[in-house]
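Asks: Pasting a structure here, questions to come.
The values are calculated or read from the model by the stated rules, or taken from the named source; none is laboratory data. What you are looking at is a predicted structure, and each value in this text was computed from that prediction instead of being measured. Glycine also receives a Cβ, built like all others from the backbone with ideal geometry; neighbour counts cover every protein chain displayed. Surface accessibility is based on the protein's heavy atoms, side chains included, excluding ligands, DNA and RNA. Shrake-Rupley method; radii C 1.70, N 1.55, O 1.52, S 1.80 Å.
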Amino acid sequence: MYAHKAATLAIRSLLNCVTREYANRIVWTTDSGGQKLTLNFPEKGGSLKIPVSYRSVTGHHLFGEPMVLTDDSGVQNLSASAAMSVIIDRLEPDASQEGRADLHQRAQSSRHLIETSLSERQSDLKKLVGPKLSFIEAEQGLLAGHGVHPCPKSRDGMTEGESRRYSPEFGASFPLRWFAISRDLYHTGHSDGSPSAEEWLEAVEANTLSALRGRLTNPDFAFLPVHPWQADAMLKDAQIAALVSTGQIVDCGEAGRPWFPTSSVRTLYRPDAPFMLKLSLGIGITNSVRINLARELLRGDDMYRFRAHRLWNDLAADYPGLNWIADPAYMGVAVDGHVIDGLSVSMRENPFHDENADKNVTLLASLCEHLPERGSRIGALIRTSAKTENRSVEMVSEDWFSRFLSVFVTPVFALYLRHGIAIEAHQQNMVLEIENGYPVAAFYRDNQGFFHHERAHAALHEALPEFGVRSESVFGEDAVDERILYYGFINSTLGMIGALGREGLIDEQRLIDMLRDTLVDLDRREGSQSRLVSKMLAPILQCKANLKTRLAQMDELVGPLETQSVYLEIDNPLFQNVQAQAHG
């Protein structure tokens, strides 16, 4: 049962990539048996016909069975798992053999993790769509992951046993591994007004650190929390091994109370801690190896300083609802001024601790995730509200989306239009607070995805000297437009429309009308110097291609912003809707 559900989810996310990235190879048809998708492979690879349970203008489709392969060998029905292999083998003949082999391994690994987590969390599935979830319950309740990605739950580099110990999908928790660092190697910093890294650690780990300090011959060492998996990996590094041999780094082992991995796997949470730990973790998750880079440690300070400035306060007064969770402190190891990225740690504010640990908040991805038979939490919330309020699900869905536009869409894009600051506001990085079934606030997290464009830099630099300079977070405007369009608009906003539509709650076109009206109004108020909204309403959108990026084995955190992943053109559902109305 779980194997079939996992395969259904795995091929859904793969096919959603295919329909987006290979539009010239697919055909949508309708016959007496319903709607079908036909994927035509190049170079005599034949064709694959798949039943379509729901077709979304946003690209978040649902598929059925049987899947029928027709080629020179004849006609045969394929299981979802077998169909995945056929697609990866035949879709891109020009891809390298290494790229295809890597994608095969990651896609099957992802499918297997989904299967095992569904099995182990079966008793939790109903609760995970309930009216109230705490931060960590929602974080650890994202079981299938990115709905338009070929390997959303791969853990490249971890064994199955390690995945079970360290992955949020299994409700994991574990103690930190501690390295004692000679003071001349200790690399740290924090924003003015924020506790230092050591002050924060002492606030929650004083007893642990005192015990560890008592075991050292030289007590004047700083303590660095390290992910246990990363600690083992780094101790095999020649440079680290040399520092251990000279006593400049001491491996103190695991100690202290357990921390909980959040949906990103490497960011750890405790309900009693005023901070979270964003650790370096050298495994491949979706499109990147998750290592904190030196420049990215400094972007947390950019976020923290801007949030304290009147520029943000004025914007927040005009467009309330959006909150930032900053990363104002960091620590790690530097040798002769060169930071060892694999040991760097960002310390993130934790607004969901102590009395707020039970606050009803959820990352956007968990809210939208649609599992076979269960559906999604957003569907459950809206149906419950409709029953309680004695209103139709369509009316409640419209009100729900209107509030989402208010607390998420409007402030995220107003920030960019007014100040040129982009936040990578994809479904993984956005947390919504739910009250009485509706969104009342949004929280953005992630220092890595915080940058601005060159045209805005002079004004920001005047208001906040050196803003974006040391953090290397100033880029060309077209490249930044491309990123915020994908993350905030395509991934999160259109993804939300797709989530509401595939639940059968409301016609997607009604939501697209509402979105377009909101964007046009925002452009009138804030868009005098930017072409962003015109790009949002254009016939074609620039969109990240997760399947092509994986086939090319690209890492999104390596190299210039402009070349970190594959982008391509897709049809814009907002423009298509306008065209349909014009010819209505």
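Asks: Could you please tell me the mean projected area of the C-alpha convex hull for the stretch 21-127, averaged over all directions and given in square nanometres to one decimal?
Replies: Details: hull surface 35.3 nm².
For the stretch 21-127, the mean projected area of the Cα convex hull comes to 8.8 nm².
Asks: Can you give me the Cα centroid spacing of the stretch 396-436 and the stretch 163-215 in angstrom?
Replies: After rounding, the separation between the Cα centres reads 32 Å.
Asks: Let me check against my output: what whole-number percent is the relative contact order of the stretch 1-135, with C-alpha pairs under 8 Å and at least 6 apart? Write out the running numbers ahead of the final one.
Replies: Values: 153 pairs, mean separation 31.6, N = 135.
Computed over the stretch 1-135, the figure is 23 percent.
Asks: Projected onto the charge dipole of the chain (+1 at Lys/Arg Cβ, -1 at Asp/Glu Cβ, origin at the Cα centre), which of Gln239, Val226, His4 gives the Cα projection farthest towards the positive end?
Replies: About the Cα centre, the residue reaching furthest to the positive side is His4.
Asks: Related question: Taking the Cα centre of the chain as origin, sum charge times position over the Cβ atoms of Lys and Arg (+1) and Asp and Glu (-1), and report the length of that vector in debye to the nearest 20. Write out the running numbers ahead of the final one.
Replies: On the way: 58 positive and 75 negative charges, 246 e Å.
Value, rounded to 20: 1180 debye.
Asks: Here's another thing I want to ask about it. Once the convex hull of the C-alpha atoms of the chain is built, how many Å³ does it hold per residue, rounded to a whole number? Mind dumping the intermediate values first?
Replies: On the way: hull volume 92.5 nm³, N = 584.
Here the figure is 158 Å³ per residue.
Asks: Sticking with this structure for a sec: Post the alpha-carbon centroid distance, the stretch 499-559 to the stretch 230-302, in whole angstrom.
Replies: The two parts, judged by their Cα centres, are 33 Å apart.
Asks: Tell me the angle of helix 508-526 to the major Cα principal axis of the chain, expressed in degrees between 0 and 90 and rounded to the nearest ten.
Replies: It is inclined by approximately 50 degrees.
Asks: I've got another one for you. Any idea which of Gln542, Phe451, Trp178 is furthest toward the positive side of the dipole for the chain, if Lys and Arg beta-carbons carry +1 and Asp and Glu beta-carbons -1?
Replies: Gln542
Asks: Mind listing P(r) for the stretch 294-440? All alpha-carbon pairs, 10 Å bins, whole percents.
Replies: 10, 30, 31, 19, 7, 2, 0
Asks: Restrict the search to the stretch 99-162; then list the trypsin sites (Lys or Arg not before Pro) that DSSP places in a loop and that have at most 16 other Cβ atoms within 10 Å of their Cβ.
Replies: Working: sites: Arg100, Arg106, Arg111, Arg121, Lys126, Lys127, Lys132, Lys153, Arg155; in loops: Arg121, Lys126, Lys132, Lys153, Arg155.
The qualifying sites are Lys126, Lys132.
Asks: Mind pulling the angle between the C-alpha long axis of helix 2-21 and the longest principal axis of the chain? Nearest 10 degrees, somewhere in 0 to 90.
Replies: On a 0 to 90 degree scale, this one is about 80.
Asks: Another question, if that's okay. Given a cut-off of under 8 Å on Cα pairs at least six residues apart, what relative contact order in percent is computed for the chain? All intermediate terms of the calculation are to be shown ahead of the outcome.
Replies: Working: 1077 pairs, mean separation 89.0, N = 584.
It comes to 15 percent, rounded to a whole number.
Asks: Okay, moving on. Taking only protein heavy atoms into account and a 1.4 Å probe, give the accessible area per residue of the stretch 194-331 in Å².
Replies: Details: 4950 Å² over 138 residues.
Here the per-residue accessible area is 36 Å².
Asks: Hey, any idea what Rg/Rh is for the stretch 17-78, computing Rh the Kirkwood way over Cα pairs? Let's see the in-between values first.
Replies: Details: Rg = 11.7 Å, Rh = 12.1 Å.
Rounded to two decimals, Rg over Rh is 0.96.
Asks: List, largest first, the extents of the alpha carbons of the stretch 229-377 along their principal axes, each in whole Å.
Replies: Principal extents (largest minus smallest coordinate, Cα): 55, 48, 33 Å.
Asks: Between the helical axis of 80-90 and the dominant principal axis of the chain, each derived from Cα atoms, what acute angle in degrees is found, rounded to the nearest 10?
Replies: 90
Asks: log₁₀ I(q)/I(0) of the stretch 380-439 at q = 0.12, 0.24, 0.25, 0.31 Å⁻¹, via Debye over equal Cα point scatterers, no solvent, to two decimals?
Replies: With no solvent term, the Cα-only Debye profile gives -0.37, -0.96, -1.00, -1.25.
Asks: Work out how far the C-alpha atoms of the stretch 353-512 reach from end to end along every principal axis, then list the three figures in whole Å, largest first.
Replies: Cα extents, longest axis first: 54, 41, 26 Å.
Asks: Could you give the spread of the C-alpha atoms of the stretch 266-349 along their three principal axes, from largest to smallest, in whole angstroms?
Replies: So the extents along the principal axes, rounded to whole Å, are 43, 31, 30.
Asks: Using the Kirkwood radius built from alpha carbon pairs, what does the Stokes-Einstein equation give as D for the stretch 423-517 at 20 °C and 1.002 mPa s, in µm² per second? Display every interim value, and only then the final one.
Replies: Numbers: Rh = 15.4 Å.
Answer, rounded: 139 µm²/s.
Asks: Right, next: Give the carbon-plus-sulfur fraction of the accessible surface of the stretch 37-144 in %, rounded to a whole number; probe 1.4 Å, heavy atoms of protein chains only.
Replies: Values: 2210 of 4630 Å².
C and S fraction of accessible area: 48 percent.
Asks: Ok, one more. What Kirkwood hydrodynamic radius, in Å, does the stretch 131-234 give when the mean of 1/r is taken over all pairs of distinct Cα atoms and then inverted? Write out the running numbers ahead of the final one.
Replies: Details: mean 1/r = 0.0593 Å⁻¹.
Value: 16.9 Å, from the Cα pair sum.
Asks: What percent do you get for the relative contact order of the stretch 289-332 when only Cα pairs under 8 Å and 6+ apart count? Each step should come with its number before you reach the end.
Replies: Working: 22 pairs, mean separation 23.0, N = 44.
Relative contact order of the stretch 289-332: 52 percent.
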